[in-house]
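Participant: Submitted below is the structure of interest, expressed as structure tokens.
Nothing in this text is a laboratory measurement; each read-out follows from the coordinates by a stated rule. Just so you know, these numbers come straight off a predicted model, no measurement behind them. Note: ideal-geometry Cβ built from the backbone for every residue, glycine included; neighbour counts use all protein chains shown.
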């Protein structure tokens with residue numbers, strides 16, 4: 001009988017010991033829900049590996065698929081999920097996720113400010129509260145084939161054709177310019193010139209490739225056109241200003257290029273990947289694209305048709321000069337998490353010079369301060385240009401970080417793509433979007 | 001040994017209990033929760049509801065003109081896809097039945113498309129149809145056809161074609177099973193009476209497998225009507241709302257516009273309408289079969 005008692009006691013003790021060990025190891029591990037795919041994922045994996053080797057607390061990465069990432073994350077946090085402790089943040093959806101996140105203003109100390117500029121921290125701030133540390137800055141560049149544009153600038157026969165096409169389509173004879181000096185008329189004229197159905201001697205089938213799928217991220221790319229003419233969602237008094245010359249001009253640029261077939265006929269189903277495939281195939285002369293594409297294009301052997309033969313510059317200018325939408329993705333703390341301290345420890349590590357230098361070297365695009373950038377960006381032209389372009393041309397629409405910003409972009413995508421496809425006239429599209437913005441900002 | 005009808009009914013009930021319990025948990029509970037949500041002012045920030053909303057969510061849902069656009073698209077999509085799927089499946093049954101009797105393994109090959117998830121199908125076609133990397137535009141160009149299958153004039157047909165390509169095998173397997181269940185003696189008797197070939201197929205086989213045709217038509221219509229995955233992956237419901245089905249509409253209402261109450265109310269209305277149609281549809285099929 002005593003033996004049985006001893007056996008039961010030892011089993012119970014063993015069970016307790018196992019449970020205690022399990023609970024210790026469980027509390028020491030945090031899960032980080034981050035943006036999947038591309039150079040950012042590869043870089044973050046290496047940074048997390050380093051963290052796990054050098055820290056008592058361990059972090060594990062979790063990736064949803066990129067499709068509808070934010071919807072899945074929203075459903076999880078709204079349901080009180082504790083499956084991840086650190087979660088993704090984005091400038092344009094901070095207002096939507098802020099109620100589910102832990103404020104981290106107290107973490108923005110001297111070390112963090114020596115890693116990220118205050119401007120970068122502001123992209124993770126909503127109504128004065130900081131919710132995340134910015135790990136990836138995104139903006140848009142004009143990507144173009146250097147060989148084609150250089151030839152256009154030096155070949156008199158090409159220039160004569162260019163003048164003829166611009167006179168026919170834009171009503172004025174134009175001369176080619178260097179890509180960094182383009183305005184939107186130069187963009188249109190060059191796109192038409194390099195389109196084979198318009199200029200049979202064009203070395204490529206298409207001048208440009210536009211991303212026109214009914215997708216909110218495509219509107220972020222397009223809105224550089226409207227912003228460059230002074231377009232904004234609201235004025236300083238909060239009045240909706242979509243019904244403006246700037247928006248009409250911006251919309252018309254895409255419509256005209258699409259109707260002239262200067263972009264592939266299936267552009268209405270194009271987003272990031274399709275546009276990269278088009279430019280990377282060597283069949284498109286130039287296009288505007290997210291900054292993240294640069295890291296992919298410079299990988300040796302990935303895009304042989306354009307390898308060593310393309311570069312990037314600012315987007316074309318409107319009356320207000322070149323403008324680009326920009327935002328940052330970052331990491332913040334899930335308010336539902338039981339491991340707030342461990343999550344804070346991980347974010348503190350991310351805010352160090354060491355972590356972000358490593359992230360940058362491994363292919364990430366963190367908005368770090370100049371000393372870090374100059375020390376580690378090396379030959380990454382995109383990184384060297386990002387801080388400058390954000391400061392000079394960056395534009396966040398008035399209301400672009402509010403809770404309804406996501407819905408506004410989605411509504412624009414629906415109405416503006418309908419206009420581009422010929423299903424709706426421009427006035428109806430603008431009225432629809434204006435009404436929607438009024439309703440969203442009135443909530 | 002045959003059982004009397006009362007014992008048979010009792011045994012049938014026992015088998016049904018399991019199914020009923022499963023359905024109560026898997027469908028009943030979410031349906032009740034949704035019913036409750038539809039009468040409350042729910043938001044992502046307060047999933048338990050900020051107050052009783054009465055029929056407000058239903059009023060908003062049914063009063064939105066975008067709903068009727070999406071409903072119209074889904075109906076058209078469902079009808080056209082179903083007609084093609086059932087039509088092609090019937091044609092395949094009549095033409096391939098003798099071959100499949102000799103080589104039944106071919107049936108498995110024909111079933112391959114339905115093994116692929118619709119979302120994956122959408123991603124595959126994003127690659128296959130791409131003008132720069134896709135094999136279909138590549139081959140069409142080689143043959144001298146310069147058609148862009150995802151262009152604004154073709155997009156509606158392309159998304160229907162993808163649905164038909166994926167789900168015709170489902171209609172085919174049901175109709176083939178019905179065809180193969182017909183006794184061989186029937187064919188012999190028909191042949192003696194002079195009914196062979198097309199006459200035999202149209203006058204004898206077609207009426208005998210008609211209950212299966214009704215059922216498969218019904219199932220395929222309901223399934224195509226609520227299409228989501230491949231259209232969402234390929235077009236996002238666009239351009240504009242040209243390919244926005246009712247499922248995509250509800251999804252966007254829920255996630256992009258955060259109109260939880262309205263979208264749940266709409267889902268509930270559609271559920272009730274579908275169940276009513278299903279009830280009367282099946283009743284009709286059973287009555288036809290009995291007569």
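Participant: In nm, to one decimal, how far is the modelled label at residue B:114 from the one at residue A:79, with both set 7 Å along Cα→Cβ?
Facilitator: 2.9
Participant: Also: Using a ≥ b ≥ c from the Cα gyration tensor of the stretch A:292-366 (square roots of the eigenvalues), is it rounded, prolate or oblate, where a/c under 1.5 gives rounded and otherwise the larger of a/b and b/c decides, a/b for prolate? Spell out each step's value before the answer.
Facilitator: Working: a/c = 3.11, a/b = 1.70, b/c = 1.83.
Note, shape of the stretch A:292-366 comes out oblate.
Participant: Same structure, new question: What nm distance separates the two modelled labels at residue A:29 and residue A:309, each placed 7 Å from Cα along Cα→Cβ?
Facilitator: 4.9
Participant: P(r) of the protein assembly as shown in 10 Å steps, Cα pairs, percent per bin?
Facilitator: 2, 12, 19, 22, 19, 13, 8, 4, 1, 0, 0
Participant: According to the square roots a ≥ b ≥ c of the eigenvalues of the Cα gyration tensor, what is the shape class of the stretch B:234-291, taking rounded for a/c under 1.5, prolate for a/b larger than b/c otherwise, and oblate for the remainder? The partial results should precede the final answer.
Facilitator: Numbers: a/c = 5.86, a/b = 2.11, b/c = 2.78.
Taking the square roots of the gyration eigenvalues as a ≥ b ≥ c, the stretch B:234-291 is oblate.
Participant: Taking 0.36 nm per intervening residue step and subtracting the Cα-Cα distance, what contour gain separates residue A:361 from residue A:42 on full extension?
Facilitator: Working: separation 319, 0.36 × 319 = 114.84 nm, distance 1.10 nm.
Contour length minus the Cα-Cα distance gives 113.7 nm.
Participant: Where the centre of each part is set by its Cα atoms, how far does the stretch B:100-116 sit from the stretch A:252-282, in angstrom?
Facilitator: Taking the Cα centre of each part, the stretch B:100-116 and the stretch A:252-282 sit 39 Å apart.
Participant: Express the C-alpha Rg of the stretch B:45-184 as a ratio against the empirical globular expectation 2.2 N^0.38 Å, rounded to two decimals. Write out the running numbers ahead of the final one.
Facilitator: Numbers: Rg = 21.2 Å, N = 140, 2.2 N^0.38 = 14.4 Å.
Normalised by 2.2 N^0.38 Å, the Cα Rg of the stretch B:45-184 equals 1.47.
Participant: Given the C-alpha atoms of the stretch B:172-276, compute the convex hull and give its volume per residue in Å³. Write down the numbers at each step before the final one.
Facilitator: Numbers: hull volume 13.9 nm³, N = 105.
Considering the Cα atoms of the stretch B:172-276, their hull volume per residue is 133 Å³.
Participant: Report relative contact order for the stretch A:107-218 in percent, whole number only (criteria: Cα-Cα under 8 Å, sequence separation at least 6).
Facilitator: Working: 88 pairs, mean separation 13.7, N = 112.
Relative contact order comes out at 12 percent.
Participant: When Cβ neighbours within 10 Å are restricted to other protein chains, what is their mean count per residue of peptide B:125-131?
Facilitator: Values: counts 0, 6, 3, 0, 2, 9, 13.
Across the residues of B:125-131, the mean count of other-chain Cβ atoms within 10 Å is 5.
Participant: Hey, got the average number of other protein chain Cβ atoms within 10 angstrom for residues in A:269-278?
Facilitator: Working: counts 17, 4, 2, 0, 4, 7, 1, 1, 7, 4.
The shielding value for this peptide is 5.
Participant: Let me ask something else about it. Mind jotting down the distance between the C-alpha centroids of the stretch B:56-82 and the stretch A:231-246, whole Å?
Facilitator: A separation of 32 Å, based on Cα centres.
Participant: Also: Return, ordered by residue number, the residues of the stretch B:152-173 whose backbone nitrogen is under 13 Å from a label point located 7 Å along Cα→Cβ of residue B:145.
Facilitator: B:158
Participant: Normalised by the number of residues in chain A, what is the relative contact order in percent for Cα pairs under 8 Å and 6+ residues apart?
Facilitator: Numbers: 770 pairs, mean separation 114.4, N = 443.
Worked out over chain A, it gives 26 percent.
Participant: Still on this structure: Which ordering of B:259, A:111 is given by a fewest-first count of other beta-carbon atoms within 10 Å? Each step should come with its number before you reach the end.
Facilitator: Details: B:259 22, A:111 12.
So the ranking, lowest neighbour count to highest, is A:111, B:259.
Participant: Given a Förster distance of 22 angstrom, what is the FRET efficiency for residue B:95 paired with residue B:188, based on the Cβ-Cβ distance and rounded to 0.05?
Facilitator: Numbers: r = 21 Å, r/R0 = 0.95.
That pair, residue B:95 with residue B:188, gives E of 0.60.
Participant: Can you tell me, using C-alpha contacts under 8 Å and at least 6 residues apart, the relative contact order of the stretch B:49-290 as a whole percent?
Facilitator: On the way: 212 pairs, mean separation 79.5, N = 242.
About 33 percent, as a whole number.
Participant: For the peptides B:207-216, A:163-172, what is the packing order when you average, over each peptide's residues, the other Cβ atoms within 10 Å and list the highest mean first? Before the final figure, lay out the partial values.
Facilitator: On the way: B:207-216: 17.3, A:163-172: 15.1.
Taking the mean over residues of other Cβ atoms within 10 Å, the ranking is B:207-216, A:163-172.
Participant: Want the number for residue B:105 to residue B:32: 0.36 nm per residue separation, take away the alpha-carbon distance, what's left? Mind showing how you got there, number by number?
Facilitator: Working: separation 73, 0.36 × 73 = 26.28 nm, distance 4.43 nm.
Roughly 21.8 nm would be gained on extension.
Participant: Rank these for me by crowding, A:287, A:254, going from fewest to most other beta carbons within 10 Å.
Facilitator: Numbers: A:287 25, A:254 21.
Taking fewest neighbouring Cβ atoms as first place, the list is A:254, A:287.
Participant: If a/c stays under 1.5 just call it rounded; otherwise compare a/b with b/c (prolate if a/b is bigger, oblate if not). Do that for the stretch A:118-189, with a ≥ b ≥ c from the square roots of the Cα gyration tensor eigenvalues.
Facilitator: Details: a/c = 5.60, a/b = 2.91, b/c = 1.93.
It is prolate, given that a/c is not under 1.5 and a/b is the larger ratio.
Participant: What is the distance in Å between the Cα centres of the stretch B:219-291 and the stretch A:132-209?
Facilitator: First find each Cα centre; the distance between them is then 45 Å.
Participant: Residue A:127 to residue A:338: FRET efficiency via 1/(1 + (r/R0)^6), r the Cβ-Cβ distance, R0 30 Å, to the nearest 0.05? Don't skip to the end; give the middle numbers.
Facilitator: Numbers: r = 26 Å, r/R0 = 0.88.
Taking R0 as 30 Å, the efficiency between residue A:127 and residue A:338 is 0.70.
Participant: Scattering from the C-alpha atoms of the stretch B:49-290 alone, worked out with Debye: what is log10 I(q)/I(0) at q = 0.15, 0.16 1/Å?
Facilitator: -1.11, -1.19
Participant: Could you list log10 I(q)/I(0) for the stretch B:1-92 at q = 0.12, 0.15, 0.17, 0.18 Å⁻¹, which the Debye formula gives when each Cα is one point scatterer?
Facilitator: Reported log10 I(q)/I(0), two decimals: -0.81, -0.91, -0.93, -0.94.
Participant: If you take each beta carbon of peptide B:255-261 and count the beta carbons of other chains within 10 angstrom, what is the mean?
Facilitator: For peptide B:255-261, the averaged partner shielding equals 6.
Participant: Between residue B:288 and residue B:13, what FRET efficiency comes out of the Förster formula 1/(1 + (r/R0)^6) with R0 = 25 Å and r the beta carbon distance, rounded to 0.05?
Facilitator: After rounding to 0.05, the efficiency reads 0.45.
Participant: Of the DSSP beta bridges with both residues in the protein assembly as shown, give the percent that are antiparallel, rounding to the nearest 5. Please report the intermediate quantities before stating the final value.
Facilitator: Numbers: 30 of 40 bridges.
Once the DSSP bridges in the protein assembly as shown are tallied, antiparallel ones form about 75 percent.
Participant: Determine, for A:225, B:95, the number of other Cβ atoms within 10 Å of each Cβ, and report the residues in order from fewest to most. Kindly include the intermediate steps, with their values, before the conclusion.
Facilitator: Numbers: A:225 24, B:95 11.
By the 10 Å Cβ count, ascending: B:95, A:225.
Participant: For the stretch A:164-272, treating each Cα as an identical point scatterer without solvent, what Debye log10 I(q)/I(0) comes out at q = 0.22 1/Å?
Facilitator: -1.26
Participant: Rounded to the nearest 500 deg cm²/dmol, what is the calculated helix-only ellipticity per residue at 222 nm for chain A, with -39500 (n - 2.57) per DSSP H run of length n ≥ 4?
Facilitator: Details: 19 runs with 219 residues, N = 443.
Roughly -15000 deg cm²/dmol at 222 nm, from the helical runs in chain A.
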